Amino acid sequence: MLVLFETSVGYAIFKVLNEKKLQEVDSLWKEFETPEKANKIVKLKHFEKFQDTAEALAAFTALMEGKINKQLKKVLKKIVKEAHEPLAVADAKLGGVIKEKLNLSCIHSPVVNELMRGIRSQMDGLIPGVEPREMAAMCLGLAHSLSRYRLKFSADKVDTMIVQAISLLDDLDKELNNYIMRCREWYGWHFPELGKIISDNLTYCKCLQKVGDRKNYASTSLSELLSEEVEAEVKAAAEISMGTEVSEEDICNILHLCTQVIEISEYRTQLYEYLQNRMMAIAPNVTVMVGELVGARLIAHAGSLLNLAKHAASTVQILGAEKALFRALKSRRDTPKYGLIYHASLVGQSSPKHKGKISRMLAAKTVLAIRYDAFGEDSSSAMGVENRAKLEARLRILEDRGIRKISGTGKALAKAEKYEHKSEVKTYDPSGDSTLPTCSKKRKIEEVDKEDEITEKKAKKAKIKIKAEVEEEEEVVVEEAEEEEEQVVEEEPSVKKKKKKDKKKHIKEEPISDEEPCTSTAIPSPEKKKKKKKKKEAED
């Protein structure tokens, strides 16, 4: 069995002399305790030395990517194919490539790893002709070259500088806010009115640095910093200020703080210009699409421009809103529509209902710009300008869609109706603001009682009227019955009964109140019957 061993000096191929000892994996390290023992296990068959560090770097970068270098391919064809023996390799991926391209059987197992470890420990004794000093120098040079390659170092495109610059810019903003707040609060004890008159922080600090004590405002000209109206207002406020008196030492400390604020503000301006220049040099299309700050924050969030180029458009859209995304997925609610890209100018120009749609389209175009900047050779921003123009046109169409109305045929656009303000002027009713009742509860109860009494009286009057009407009807019916009896005396008794029955029915059909009991009005009293009998006897 042959062993392929890579060193910083060159390729080494060893021949295994005693394969039986390889079966004991746990005790294999004992065979490499000394160079003499190691030479009994393996023997150097061929050594291919690198000419310089560049050749070594090319060979090792190929090995890291799982490829075969031309120099290695020649060695394997020349030595391994002639030996017709299996080849032990340290990397399984490399073994698969060798087997595929050169049709050689490769072995990768824990035994091979232990064998490689033993050869590495006794490398000076196993590879003759290579001095330890030369080996150490080659190792150091190859390590530096390999590190530069892994970092993809380039003087023109250094996205690491952008990451550091945007992080420093955010830190400076936080520190400036703290310093300015402390400065306003500190000087506010001496001259509180100045903070309300001058709103700009940098101008406020410059005024303090120039004047100091409020007594000096009357004799100091501030025309370079303030307008005439504001200057007059400041001087008038200084004369009648309600602030406390402070010592010169306090004023000196406040002025020192103002100096720090002014210096940090100037450095921040310089840093922002530097960031703009670096973004236009490294990612010009991204800068055109979303701006310097948003583009730099996206690169910083991803780690580098290459890492950002590997992200999908949907990932770039919500980059920076990871907490909200996972919270929404956990609670099964709506996921966020935008992250850092929300601060882009195109998203800010759109209306709230179109922000999600515009952010999705902007993320898709931004990913194209990122990949063009990361992998393209051209450094122009033409593609970014073109895509931005398309997005702006799309945004105008979305905004105008609400104004236009499609006609009934669906072919032509109807004219937009002219807006006319038809709303009536309404006056404010202050009575609705009062939470107190308009009248007391006692009055309400009394009013309800009065209403109940009125309804009861009305009901009683109605009952009395109904009773009076019923009595009048009864009297009329009785008189009619007496007259008919006098006229028709000779008729048969059956006819009289029928008439009485008809009269009873007629009386029953008349409306009588539900509360009064129903009484028959056609039945005469016994006294009336006696009178009738006396009248009949007198007539006879």
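The values are calculated or read from the model by the stated rules, or taken from the named source; none is laboratory data. Treat the numbers as computed from the prediction; the structure is a model and nothing was measured. Cβ sites come from the backbone with ideal geometry, for glycine too, and all protein chains shown count toward neighbours. Surface areas here come from the heavy atoms of the whole protein model, side chains and all, with no ligands, DNA or RNA. Shrake-Rupley method; radii C 1.70, N 1.55, O 1.52, S 1.80 Å.
Screening Gly291 with (1) in contact with a Pro (Cβ under 8 Å, 6 or more places away or on another chain); (2) open to solvent by less than 30 Å² (accessible area, probe 1.4 Å) gives one miss only, at (1).
Applying the set (1) under 12 Å from Ile162 (Cβ atoms); (2) open to solvent by 20 Å² or more (accessible area, probe 1.4 Å) to Ile299 leaves exactly one unmet item: (2).
The residue pairs whose first member lies in segment 227-254 and is within 14 Å of Asn216 (Cα to Cα), whose second member is assigned to a helix (DSSP H, G or I), and whose beta carbons are closer than 6 Å, counting only pairs six or more residues apart or on different chains, are Val234/Ile197; Ala237/Glu193; Ala238/Arg214; Ser241/Glu193; Ser241/Arg214. Quick one: in segment 346-355, which of the residues that are surrounded by fewer than 16 Cβ atoms within 10 Å (Cβ to Cβ) and in contact (Cβ under 8 Å) with a residue 12 or more places away in the chain is nearest to Leu391 (Cα to Cα)? Among residues in segment 346-355 that are surrounded by fewer than 16 Cβ atoms within 10 Å (Cβ to Cβ) and in contact (Cβ under 8 Å) with a residue 12 or more places away in the chain, the one nearest to Leu391 (Cα to Cα) is Gln349.
Counting residues in segment 188-196 that are more than 23 Å from Glu266 (Cβ to Cβ) and of a type in the set (Asp, Glu) gives one or more. Considering (1) closer than 30 Å to Ala389 by Cα; (2) open to solvent by less than 20 Å² (accessible area, probe 1.4 Å); (3) hydroxyl-bearing (Ser, Thr, Tyr), the lone condition that Tyr217 does not fulfil carries the number (1).
Within segment 82-100, the residues that satisfy the criterion of being in contact (Cβ under 8 Å) with a residue 24 or more places away in the chain, of a type in the set (A, V, I, L, M) and out of contact with any helix residue (DSSP H, G or I) (no Cβ under 7 Å at 6 or more places or on another chain) are Ala83, Val97.
For Glu249, indicate whether it is of a type outside the set (Phe, Trp, Tyr), more than 29 Å from Asp173 (Cβ to Cβ) and surrounded by fewer than 16 Cβ atoms within 10 Å (Cβ to Cβ). Criteria met by Glu249. Criterion first (among the small types (Gly, Ala, Ser), closer than 30 Å to His301 by Cα and under 39 Å from the mean Cα position of the chain (by Cα)) does Ser265 satisfy it? Answer is yes for this residue.
Screening Ile79, Ile107, Ile119 for residues that are open to solvent by less than 70 Å² (accessible area, probe 1.4 Å), farther than 21 Å from Val9 by Cβ and either of a type in the set (A, V, I, L, M) or in contact with a helix residue (DSSP H, G or I) (Cβ under 7 Å, 6 or more places away or on another chain) (or both) leaves exactly one candidate, Ile107.
Please determine, by comparing only the residues of segment 364-384 that are among the hydrophobic types (A, V, I, L, M, F, W, C) and open to solvent by 80 Å² or more (accessible area, probe 1.4 Å), which one is modelled with the lowest pLDDT. So the residue we want is Phe375. Looking only at segment 92-139, filter to residues that are among the basic types (Lys, Arg) and under 53 Å from the mean Cα position of the chain (by Cα); which one of those is farthest from Thr34 (Cα to Cα)? The selected residue is Lys101. The residues of segment 214-266 that are in a loop (DSSP other than H, G, I, E, B), within 12 Å of Phe191 (Cα to Cα) and of a type in the set (A, V, I, L, M), listed by number, are Ile240, Met242, Val246.
Selection of segment 70-93 for residues being touching a Cys at 6+ places or on another chain (Cβ under 8 Å) and not in a loop (DSSP other than H, G, I, E, B) yields Leu87, Ala88. When segment 43-69 is filtered for residues that are in contact with a Lys or Arg (Cβ under 7 Å, 6 or more places away or on another chain) and either open to solvent by less than 70 Å² (accessible area, probe 1.4 Å) or in a loop (DSSP other than H, G, I, E, B) (or both), the ones remaining, listed by number, are Gly66, Ile68.
What number of residues within segment 7-42 are under 59 Å from the mean Cα position of the chain (by Cα) and open to solvent by 50 Å² or more (accessible area, probe 1.4 Å)? Number of matching residues: 2. Only one of the numbered conditions (1) aliphatic (A, V, I, L, M); (2) under 19 Å from Ser105 (Cα atoms); (3) modelled with pLDDT under 80 is violated by Val75, and that is (3). Of the residues in segment 143-166, at least one is closer than 21 Å to Arg268 by Cβ, surrounded by fewer than 15 Cβ atoms within 10 Å (Cβ to Cβ) and modelled with pLDDT of 90 or more. Of the residues in segment 118-126, not one is touching a Gly at 6+ places or on another chain (Cβ under 8 Å), part of a helix (DSSP H, G or I) and over 24 Å from Ala62 (Cβ atoms). Being touching a strand residue (DSSP E or B) at 6+ places or on another chain (Cβ under 6 Å) and acidic (Asp, Glu): is that true of Glu100 here? Taking the combined requirement at face value, the residue does not satisfy it.
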